[in-house]
């Protein structure tokens, strides 16, 4: 089934489809830091005066929806897979913060490779803190391979 | 003069390397490269100015593009405004016949890359659709090829009488310099590179390991 990627992009990008709040605790900051191999005290010791989240901390969060309602599935045979995340850190995240995550489809593009045609859907989550400051932006690339013609 | 003709920076969606880091790697490892070409996927980077890096590291840094066609992926050297107006670089189904015609008309040059690769290599499409007039050279040595792909590219290039170039297809820093092209004469610009490729005095080489010329 051929996929009109330009039309998909026009129809599905640029609007918020999910919003979730995440209270941040010292315990989860330290646990995440240890899980990714950090040992610096400002990442693993809640008593440290500069204690804060590791840069990729926000990748642990998922919203209530992966895609907007009725977002089309491009293949009858495959659900696709995670093709990696890109994190931009804008402000420190600290214990006691309450993050608001807003989700949108940021981009949809296609490319070709050894395994055939690929469509990349970029799910963007923007995290702001309780003061309204942008804390982080996470772009999650999700790859779907349309069914052959 | 040795140039690595096929590399991607973070401007490509799947590129992980900064151009500065390519330069540092080449110098620290003593790679036998005099310069390299950035061929970003489905776009031409008309904005970045790498002249300060060229001066700092004593390397030639040229810009090209890797476009996607109905016969697989193709490097385009000598991209200019006329060509950007003639072709939509973002498409994944550009007719290769159009790319060959327009590059010729605009003074650029189209070189099918990794032609031995399934799906996105020229010769995979030749098997199904036959050869396309206008192709004169292909990338016979690609640093990202898997087993047998470069061998098939070399064999088929010889069969069709195509000349061959080499490029690393690097997406991470440590992959630059895996394959390259050795030119007889010095090259100083993208236009000079096109002229040299048309002239035919070069050879594809793998893993250059001597000091830069």
Exercise. What are the residue pairs meeting all of these: first residue in the stretch B:1-19, first residue closer than 24 Å to residue B:192 by Cα, second residue buried (at least 20 other Cβ atoms within 10 Å of the Cβ) and modelled with pLDDT under 95, Cβ atoms under 6 Å, and 6 or more apart or on different chains?
Worked result: B:2/B:208
Exercise. In the stretch B:59-66, is there at least one residue being within 14 Å of another protein chain (Cβ to nearest Cβ) and crowded, with 17+ Cβ neighbours inside 10 Å?
Worked result: yes
Exercise. Tally time: how many residues in the stretch B:113-148 are under 22 Å from residue B:4 (Cα atoms), away from every other protein chain (no Cβ under 14 Å) and surrounded by fewer than 18 Cβ atoms within 10 Å (Cβ to Cβ)?
Worked result: 1
For this session: From (1) under 24 Å from residue A:6 (Cβ atoms); (2) surrounded by 23 or more Cβ atoms within 10 Å (Cβ to Cβ), pick out the condition that doesn't hold for residue B:89.
Result: (2)
For this session: Working only within the stretch B:60-88, note down all residues that are under 22 Å from residue B:3 (Cβ atoms) and more than 14 Å from the chain's Cα centre (by Cα).
Result: B:60, B:80, B:83
For this session: Kindly check whether there is at least one residue in the stretch B:65-77 that is more than 20 Å from residue B:114 (Cβ to Cβ) and not in a loop (DSSP other than H, G, I, E, B).
Result: no
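Quick check: is even one residue across the stretch B:43-50 farther than 23 Å from residue B:175 by Cβ, touching a helix residue (DSSP H, G or I) at 6+ places or on another chain (Cβ under 9 Å) and either away from every other protein chain (no Cβ under 14 Å) or surrounded by fewer than 23 Cβ atoms within 10 Å (Cβ to Cβ) (or both)? Walk me through how you get there before you give the answer.
Filtering the stretch B:43-50 down to residues farther than 23 Å from residue B:175 by Cβ leaves B:46-47, B:49.
The next check asks that each one be touching a helix residue (DSSP H, G or I) at 6+ places or on another chain (Cβ under 9 Å); those that pass are B:46.
Then drop every residue that is not either away from every other protein chain (no Cβ under 14 Å) or surrounded by fewer than 23 Cβ atoms within 10 Å (Cβ to Cβ) (or both), which leaves B:46.
Yes, some residue in the stretch B:43-50 is farther than 23 Å from residue B:175 by Cβ, touching a helix residue (DSSP H, G or I) at 6+ places or on another chain (Cβ under 9 Å) and either away from every other protein chain (no Cβ under 14 Å) or surrounded by fewer than 23 Cβ atoms within 10 Å (Cβ to Cβ) (or both).
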For this session: Test each condition in (1) within 14 Å of another protein chain (Cβ to nearest Cβ); (2) touching a strand residue (DSSP E or B) at 6+ places or on another chain (Cβ under 9 Å); (3) surrounded by fewer than 14 Cβ atoms within 10 Å (Cβ to Cβ) for residue A:120 and report the one that comes out false.
Result: (3)
For this session: Just give me the residues in the stretch A:110-126 being over 10 Å from the mean Cα position of the chain (by Cα) and part of a strand (DSSP E or B), in sequence order.
Result: A:110, A:111, A:112, A:113, A:116, A:117, A:118, A:119, A:120, A:121
Problem set entry | Filter pass, residue B:185 being surrounded by fewer than 18 Cβ atoms within 10 Å (Cβ to Cβ), touching a helix residue (DSSP H, G or I) at 6+ places or on another chain (Cβ under 8 Å), closer than 30 Å to residue B:24 by Cβ and away from chain A (no Cβ under 14 Å) | yes
Problem set entry | Only one of B:115, B:186 that is under 21 Å from residue B:38 (Cα atoms) and under 13 Å from the mean Cα position of the chain (by Cα) | B:115
Problem set entry | Meets criteria (within 12 Å of another protein chain (Cβ to nearest Cβ) and within 17 Å of the chain's Cα centre (by Cα)) for residue A:134 | no
Exercise. Is it the case that some residue within the stretch A:38-52 is without any contact (Cβ under 8 Å) to a residue 40 or more places away in the chain, within 19 Å of residue A:127 (Cβ to Cβ) and surrounded by 15 or more Cβ atoms within 10 Å (Cβ to Cβ)?
Worked result: yes
For this session: Consider residue A:109 carefully, then state whether it is closer than 26 Å to residue B:73 by Cβ and in contact with a strand residue (DSSP E or B) (Cβ under 7 Å, 6 or more places away or on another chain).
Result: yes
For this session: Can you give me the number of residues within the stretch B:81-107 that are more than 14 Å from chain A (Cβ to nearest Cβ), in a helix (DSSP H, G or I) and farther than 18 Å from residue B:194 by Cα?
Result: 4
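Of all the residues that make up the stretch B:36-57, how many are in contact with a strand residue (DSSP E or B) (Cβ under 9 Å, 6 or more places away or on another chain) and free of Cβ contacts under 8 Å to residues at least 60 places away in the same chain?
Kept after step one, since they are in contact with a strand residue (DSSP E or B) (Cβ under 9 Å, 6 or more places away or on another chain), are these residues of the stretch B:36-57: B:36-46, B:48, B:50-51, B:53-54.
Next, only the ones that are free of Cβ contacts under 8 Å to residues at least 60 places away in the same chain stay: B:38, B:40-46, B:48, B:50-51, B:53-54.
Residues in the stretch B:36-57 being in contact with a strand residue (DSSP E or B) (Cβ under 9 Å, 6 or more places away or on another chain) and free of Cβ contacts under 8 Å to residues at least 60 places away in the same chain: 13 in total.
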Exercise. Quick check, is residue B:110 part of a strand (DSSP E or B) and away from chain A (no Cβ under 14 Å)?
Worked result: yes
For this session: Can you tell me which residue within the stretch A:79-117, out of those that are at pLDDT below 95 and at positive phi, is nearest to the other protein chains (Cβ to nearest Cβ)?
Result: A:116
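The values are calculated or read from the model by the stated rules, or taken from the named source; none is laboratory data. Since the model is a prediction, treat every value here as computed from it, not as a measurement. With ideal geometry, Cβ positions are generated from the backbone for all residues, glycine too; neighbour counts draw on all protein chains shown.
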